[in-house]
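Note sheet for the following structure.
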Amino acid sequence: MIEKTAMITIAGRPNVGKSTLLNRLVGEKVAIVSNKPQTTRNRICGVVNQGETQFVFLDTPGFHRPRTKLGDYMVGVVRQSVADVDAVLLLVEPIASIGPQEQQLIEQLKSVQAPVILVINKIDSVEKETLLSVMAVYSLAYPFTAIIPISAKTGDGVDELLTEAGHFSQEGPQLFPDGMVTDQPERQVIAEIVREKLLWCLEKEIPHGTAVELTKFSERDDGIIEVDATIYCEKASHKGIIIGKHGAMLKRIGELARVDCEKFMGAKIFLQTWVKVKESWRDNPNLIHNFGFDLRKE
């Protein structure tokens with residue numbers, strides 16, 4: 001029976017592994033991942049029930065210097081997400097120096113009342129001796145409540161992190177029902193999965209000028225879920241790259257997305273995709289809002 005809750009924000013610079021950690025904690029994919037910076041655009045909630053405690057983890061966009069109105073929105077989400085929570089996890093890589101983005105986040109955290117846990121991720125990529133110097137450098141920069149080395153990829157250290165996070169739980173009612181692992185609507189998760197495959201397949205050709213909108217999401221009598229997804233890009237030349245020769249790239253993106261969508265939904269998916277051009281949509285407040293980003297919250 002849930003008797004305590006802990007609201008915890010996961011913060012860090014782009015590509016440090018925040019979404020990978022959230023998925024590891026939850027036990028299934030609720031946040032998309034790629035090797036591209038700024039993959040996560042919105043705050044994503046992951047719910048973990050352990051014993052009498054319900055953990056609500058907030059995955060945030062990577063903290064970066066924004067160059068578009070969408071970028072401004074994403075940085076605003078980070079600022080809001082480190083306020084009014086029970087604890088913050090500052091996720092960093094095992095490098096014995098503090099980068100400018102980490103330094104900016106640390107400066108923000110100095111004005112936050114919540115305790116901060118330093119989480120050194122990707123420990124599977126370095127020798128353990130390296131971690132001592134990383135811990136020393138960060139300990140001088142901020143009075144962290146705890147420092148925990150982990151690998152979100154392998155799961156090493158994640159149980160210890162969850163135990164430490166439990167120290168900041170508060171007595172209170174269960175916020176989310178049993179079985180609920182995210183606050184993201186199903187159609188939003190499906191749209192994000194399609195966008196993830198764009199990031200995977202297109203490499204650096206189309207960095208971040210894509211958005212996905214579902215125009216159909218319905219279940220047939222035979223249990224198959226029909227999904228129509230429109231992919232928006234910023235240039236006509238990008239449209240050709242996304243579609244590919246004889247439609248091969250778009251077909252590959254759709255096939256990869258369908259597999260993950262079926263895992264998430266636990267049902268067969270009939271997915272159809274289209275590509276349209278919306279020039280400079282990342283600087284258009286109306287289009288940004290249409291794609292599910294509420295600029296009024298920034």
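When only alpha carbons are used to place a centre, segment 212-256 and segment 97-111 end up 39 Å from one another. Lys/Arg Cβ at +1, Asp/Glu Cβ at -1, dipole of segment 189-268 taken about the Cα centre: which of Cys261, Ile225, Ile243 is farthest positive-ward? Sorting the options by dipole projection puts first Ile243. Ordered by 1.4 Å accessible area with all protein chains kept, Ile150, Ile2 run largest first as Ile2, Ile150.
Taking a Cβ cut-off of under 13 Å around Met1, the surrounding Lys, Arg, Asp and Glu residues balance to a net charge of -3, with basic ones at +1 and acidic ones at -1.
Just need the relative contact order of segment 147-268 here, percent rounded to a whole number, with Cα pairs under 8 Å and 6+ apart. The normalised contact order for segment 147-268 reaches 19 percent. Once both labels are positioned 7 Å from their Cα atoms along Cα-to-Cβ, the gap between Asn286 and Asp178 label points is 4.9 nm.
Translational diffusion of segment 160-228, estimated by Stokes-Einstein from the Kirkwood radius over alpha carbon pairs at 20 °C in a medium of 1.002 mPa s, is 135 µm² per second.
Split the accessible area of segment 99-159 by element, probe 1.4 Å, and carbon with sulfur accounts for 55%.
Charge tally around Ala141: other residues with Cβ under 11 Å, Lys/Arg +1 each, Asp/Glu -1 each, net -1.
Annotation: Tyr232 carries an accessible surface of approximately 20 Å², with a 1.4 Å probe and no ligand, DNA or RNA atoms counted. Leaving out ligands, DNA and RNA but keeping every protein chain, what accessible area does Phe264 have, in Å² rounded to the nearest 10, with a 1.4 Å probe? Probe radius 1.4 Å; accessible area of Phe264 about 50 Å².
With a threshold of 26 Å on the Cα-Cα distance, the over-threshold entries among Lys216/Lys268; Lys122/Lys268; Lys153/Lys239; Lys216/Lys263; Lys153/Lys245 are Lys122/Lys268; Lys153/Lys239; Lys153/Lys245.
Sorting the segments 180-187, 127-134 by their mean number of nearby beta carbons within 10 angstrom, highest to lowest, gives 180-187, 127-134.
The values are calculated or read from the model by the stated rules, or taken from the named source; none is laboratory data. Since we're looking at a predicted model, the values are computed, not measured. FYI the Cβ positions are ideal-geometry reconstructions off the backbone, even for glycines, and counts take in every protein chain you see. The area values use the complete protein model at the heavy-atom level, side chains included, leaving out ligands, DNA and RNA. Shrake-Rupley method; radii C 1.70, N 1.55, O 1.52, S 1.80 Å.
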